[in-house]
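Every read-out reported here was derived from the displayed coordinates using simple, explicitly stated rules and does not represent laboratory data. Everything numeric here is computed off the predicted structure, so don't read it as measured data. Cβ sites come from the backbone with ideal geometry, for glycine too, and all protein chains shown count toward neighbours.
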Amino acid sequence: QRIQNKIYHSNDAPWESTLTPKRIQQLNDLDMDWNPIDSNWEQKLLEFKQHVNKGGKNIVVPMDDNPSLNYWVQRQRLDYKVG
């Protein structure tokens, strides 16, 4: 998926965009999120900061409290180890 994402966002994509400046503006008027992967990461980081600031451990987020944040924290550690 990461490779596909890089190809999609590169100039080497095998297709041409159908987004005209007018269409882009229409989407921008609707607050289009052009990079939802980064937006989601930033949201999870904010949730993790709030968890730690409330006195939570930065080691583990209890599954019962926030399963998606628990998964996100584990995934960040895994990605860090992988490099």
Which helices (runs of 4 or more DSSP H) sit wholly inside the range 16-83 and have at least 3 residues that are of a type in the set (Phe, Trp, Tyr) and within 21 Å of the chain's Cα centre (by Cα)?
67-82
Which of the residues spanning the range 17-58 are β-branched (Val, Ile, Thr) and loosely packed, with under 10 Cβ neighbours inside 10 Å?
THR18, THR20
